[in-house]
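Just so you know, all these numbers are worked out from the coordinates, no wet-lab data involved. Since this is a predicted model, take the numbers as computed values, not measurements. We place every Cβ from the backbone using ideal geometry, glycine too, and count neighbours over all the protein chains shown.
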Amino acid sequence: MDLLGNIVYGFSVALTPINLLYCFIGVFIGTLVGVLPGIGPMGAMSLLLPMTFHVSPIGAIIMLSGIYYGAMYGGSTTSILINIPGEAASVVTCLDGYQMALQGRAGPALGIAAFGSFIAGTVSIVGLMLVAPLMAEAALKFGPPEYFILMVLGMTLLIYLASGSIPKALMMAVVGIILGIVGIDVTSGAQRFTFGILELNDGIGLVPLVMGLFGISEVLLNVEQSLKREIIKARIGGLLPSRQDWRNSAKPIARGSFIGFFLGILPGGGALISSFVSYAIEKRFSRHPEKFGQGAIEGVAGPESANNSATGGAFIPLLTLGIPSNVVMALLLGALTIYGMQPGPLLIKNHPDLFWGVVTSMYIGNAMLLILNLPLIGLWVQVLKVPYRILFPLILLFCLIGVYSVNYSTTDVLIMIGSGVLGYLMKKFKYEAAPLTLAYVLGPMLEMALRQSLTISNGSFSIFFTRPISAVGAVIAILLIFYPLLPWVGKRSPAMRKGE
Amino acid sequence: MGKADQISSSLWFGLSLLVMYGSYRLGLGILTNPGPGFLPFWCGVILCGLSALVFVQGRLTKRREGGRLLSQLWIGMDWPKPIYVIAALLAYGLTLNYLGFLVSTTLLLIFLFKAIEPETWLRAIVGAVLAVVSSYALFGVWLQVQLPRGFLEKLLF
């Protein structure tokens with residue numbers, strides 16, 4: 001089937017009434033969590049994951065993906081209106097978006113963020129359609145050593161781009177691998193670190209772990225401080241940007257779309273990094289860099305386009321190699337595995353309905369988001385007024401029901417609470433949960449690939465350096481690991497320095 | 001983060017020793033046929049080394065900054081609130097099967113509405129009951145999630 005035929009087939013899957021409904025639910029919830037500070041896309045996806053077990057795998061992935069890219073849209077609303085990013089990738093939008101709002105230009109800021117996101121989302125979907133099949137073709141030649149090194153490289157890049165201490169991020173990746181291999185070893189049948197608890201024989205569940213680390217911990221952090229929200233009082237009107245606004249934003253949107261897509265593909269890249277890079281580039285390209293931070297529309301258009309485009313790019317390594325490039329993709333990988341699908345080079349061939357259906361649903365979802373975020377902006381402003389003291393018990397309630405409904409097990413509830421406390425303390429002590437989660441998901445696959453590689457090579461680690469693809473990956477991973485561990489450069493990672 | 005890093009890295013160091021011991025007992029195997037303890041053992045070794053590194057970094061930072069107290073992580077924060085929430089959640093997790101979803105969740109929500117930023121009793125009770133009934137209707141009835149009935153099972157069902 002040619003590309004056009006695949007796209008038509010994808011639309012035939014995505015446009016079924018039930019999948020349209022799942023797409024709408026996904027983007028709606030995504031916008032909602034993007035708007036509400038205190039619960040990010042990861043928390044919302046983990047919260048809804050147990051609910052998706054009742055629907056078809058395609059509908060579930062359409063909905064979960066919708067939450068992810070929907071949150072990117074919603075995140076800009078809070079950044080612009082209350083100077084609090086709804087999710088991490090919208091941090092940089094605060095700089096100029098809020099200034100525009102203070103100058104009475106909240107409407108054009110919200111408008112250009114939504115239009116930029118739509119255009120960039122479209123570019124990244126087209127890129128995904130073109131690049132993913134080629135990547136899947138190439139990945140068919142990969143063996144266990146290549147997979148092992150690619151997984152190590154993915155984790156290393158995520159660690160290298162971590163926002164805090166690199167040794168700490170590395171520690172969390174190691175802890176994630178250890179947590180990932182709890183349970184019965186599939187090769188030897190030995191029980192590993194189960195401590196005689198029957199429920200742990202199948203391992204620590206993905207749902208209780210991520211709900212605890214991202215949902216419960218966020219609630220614990222938020223209840224100890226009161227979130228100050230000062231919403232712009234003026235009426236938000238004139239959402240359509242002026243001709244001058246479009247002239248100023250056209251190139252930033254185009255650049256942001258491409259930067260976001262390619263950084264999204266890179267393991268560890270994703271929406272946050274691409275929005276920072278886009279902002280830096282726009283400032284450098286601008287004839288008036290002094291206006292950045294004072295309400296320059298380019299400072300909203302570029303990063304908002306980049307963070308949206310990155311979401312499309314991030315799907316490529318997941319759907320073609322089965323390797324998640326960031327923590328949200330790790331959750332999707334876990335979800336696909338639970339649904340009995342193995343992401344990898346054969347996914348497009350074996351499940352074309354899933355691949356093309358999900359990809360085209362993103363296009364439909366982007367169109368829905370444009371409608372949700374422009375004419376319905378008033379609704380989201382009202383949502384912002386819901387006090388956190390009402391919101392957090394309801395978030396906890398959803399977490400508790402969600403985690404219980406997976407296995408009908410109170411052990412899972414207790415694991416979630418334990419993970420929540422761990423996540424809370426990790427945030428206090430500046431340890432990041434993202435490397436832990438990614439390593440937890442990759443841990444069992446990593447171990448399998450390592451064992452197979454060593455068996456093939458008769459116990460020699462040289463196999464990772466004698467095959468060209470794995471050798472290149474291994475050298476990059478080693479450089480990335482050891483360079484920051486040198487004491488004089490190891491204190492802070494590039495992302496953190498960039499953030500400053 | 002000097003003092004805090006020292007404390008947290010000591011805990012990770014202790015965990016790494018336990019992991020190494022447990023993995024060694026599981027069996028490391030040989031390189032051509034790695035055993036179930038092979039990967040966790042080496043993860044333990046790496047964790048051990050990294051936690052030692054973070055401990056040393058913490059010690060150096062402490063000397064440079066004059067030693068920040070651990071309590072400074074919670075300065076300006078309403079620190080008892082997370083403790084209340086954790087305690088309430090733990091009590092909920094431990095009693096869910098006995099009290100059942102309806103009773104335990106109503107009690108939990110009343111506590112959360114009252115304890116964190118106090119609502120009036122009427123608002124807390126009405127809010128909790130409404131949230132529990134609507135979530136039971138959504139999950140228990142519509143999505144047919146088998147929520148635990150606890151002691152009410154014998155009384156009502």
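Worth pointing out:
- Residue A:244 versus residue B:46: modelled label distance in nm, points set 7 Å from Cα along the beta carbon direction: 5.5
- Cα gyration tensor shape of the stretch A:62-177, rounded if a/c is under 1.5, else prolate or oblate by comparing a/b with b/c: oblate
- Measuring max minus min along each principal axis, the C-alpha atoms of the stretch B:2-74 give extents of 50, 20, 14 Å (largest first).
- Interchain or long-range residues, amide H under 5 Å from residue B:117's placed H: none
- Over the residues of chain A, the helix contribution to mean residue ellipticity at 222 nm works out to -23500 deg cm²/dmol, using -39500 (n - 2.57) for each DSSP H run of at least 4.
- Top positive-direction residue, dipole computed over the stretch A:3-499 with Cβ charges, set A:431, A:106, A:258: A:106
- Couplings for the stretch A:443-460, taken from phi via the Karplus curve 6.51 cos²θ - 1.76 cosθ + 1.60 with θ = phi - 60°, read x, x, 5, 4, 5, 4, 5, 5, 4, 5, 4, 5, 5, 4, 8, 6, x, 9 Hz in order; Gly and Pro are left as x.
- Extreme residue, positive dipole direction of the stretch A:3-499, given options A:68, A:31, A:382 (C-beta unit charges): A:382
- The charge dipole of chain A, taken about its Cα centre with unit charges on the Cβ atoms of Lys, Arg (+1), Asp and Glu (-1) only, comes to about 1300 debye.
- The order of the peptides B:95-107, A:448-460, A:425-437, A:309-321 by mean Cβ neighbours within 10 Å, most packed first, is A:309-321, A:425-437, B:95-107, A:448-460.
- Set of the stretch B:2-34 residues, backbone N closer than 19 Å to the point 7 Å along the Cα-Cβ line of residue A:461: B:20, B:24, B:28-34
- Shielding by partners - mean other protein chain Cβ count within 10 Å, residues of B:5-12: 3
- Relative contact order (%) - criterion: Cα under 8 Å, at least six apart; region: the stretch B:25-151: 19
- Assuming charge only on the beta carbon of Lys and Arg (+1) and of Asp and Glu (-1), the dipole of the stretch B:2-74 about its Cα centre is about 300 debye to the nearest 20.
- Database remark: amide H of residue B:35 closer than 5 angstrom to the amide H of B:29, B:30 (H placed geometrically; neighbours at sequence offset of 5 or more, or on other chains; Pro and chain starts carry no H).
- Residue A:346-residue B:18 FRET efficiency (beta carbon distance; Förster radius 25 Å; 0.05 resolution): 0.05
- Each of A:377, A:166, A:184 was scored by other Cβ atoms within 10 Å of its Cβ. Listed from fewest to most, they are A:184, A:377, A:166.
- In this structure the amide hydrogen of residue A:192, modeled in the peptide plane, comes within under 5 Å of the amide hydrogens of A:183, A:184, A:185, none closer than 5 places in sequence on its chain.
- Over 30 Å between alpha carbons, listed pairs A:251/A:385; A:427/B:62; A:291/A:427; A:349/A:427; A:385/B:81; A:251/A:427: A:251/A:385; A:291/A:427; A:349/A:427; A:251/A:427
- Peptide B:79-91 - average C-beta neighbours from other chains (10 Å radius): 5
- Charge sum, other residues only, whose C-beta stays under 15 Å from residue A:200's C-beta, Lys/Arg counted +1 and Asp/Glu -1: -3
- Backbone phi angles across the stretch A:335-348, fed through the Karplus curve with coefficients 6.51, -1.76 and 1.60 (θ = phi - 60°), yield HN-Hα couplings of 5, 4, 5, 4, 6, x, 10, 9, x, x, x, 8, 4, 5 Hz in residue order; Gly and Pro are listed as x.
- Whole-Hz couplings from phi, Karplus 6.51/-1.76/1.60, listed for the stretch A:244-260; x for Gly and Pro: 5, 4, 5, 4, 6, 9, 4, 5, x, 5, 5, 5, x, 4, 6, 4, x
- The alpha-carbon of residue B:3 sits under 20 angstrom from the alpha-carbons of these aspartates and glutamates, leaving out residues fewer than 8 places away in its chain: A:432, B:65.
- Cross-link partners of residue A:428 among aspartates and glutamates, defined as those whose alpha carbon lies under 13 angstrom from its own and excluding same-chain residues fewer than eight positions apart: A:218, A:224, B:5.
- Average Cα contact separation per residue, chain A, under 8 Å, 6 or more apart, as relative contact order %: 28
- Peptide B:47-54 has a mean shielding of 6, counted as Cβ atoms of other protein chains within 10 Å of each residue's Cβ.
- Taking Cβ atoms as reference points and 14 Å as the exclusive limit, the residues near residue B:23 contribute a net charge of 0, counting Lys and Arg as +1 and Asp and Glu as -1.
- Each of A:13, B:135, B:109 was placed along the dipole of the protein assembly as shown (beta-carbon charges, centred on the mean Cα), and the one lying farthest toward the positive end is B:109.
- Over chain B, dividing the summed -39,500 (n - 2.57) contributions of all DSSP H runs of at least 4 residues by the number of residues returns a 222 nm mean residue ellipticity of -24000 deg cm²/dmol.
- Prolate/oblate/rounded call for the protein assembly as shown, Cα gyration tensor, a/c under 1.5 rounded: rounded
- The stretch A:1-63 versus the stretch A:357-404: alpha-carbon centroid distance in Å: 12
- Residue order, fewest to most surrounding Cβ atoms within 10 angstrom, among B:81, A:141: A:141, B:81
- With both labels modelled 7 Å from their Cα along Cα-to-Cβ, the residue B:72 to residue A:394 distance reads 3.9 nm.
- Dipole moment magnitude, nearest 20 debye, chain B about Cα centre, only Lys, Arg, Asp, Glu C-beta charged: 420
- With the simple spin-label model, which puts each label point 7 Å out from Cα in the Cβ direction, the residue A:382 to residue A:481 separation comes to 5.4 nm.
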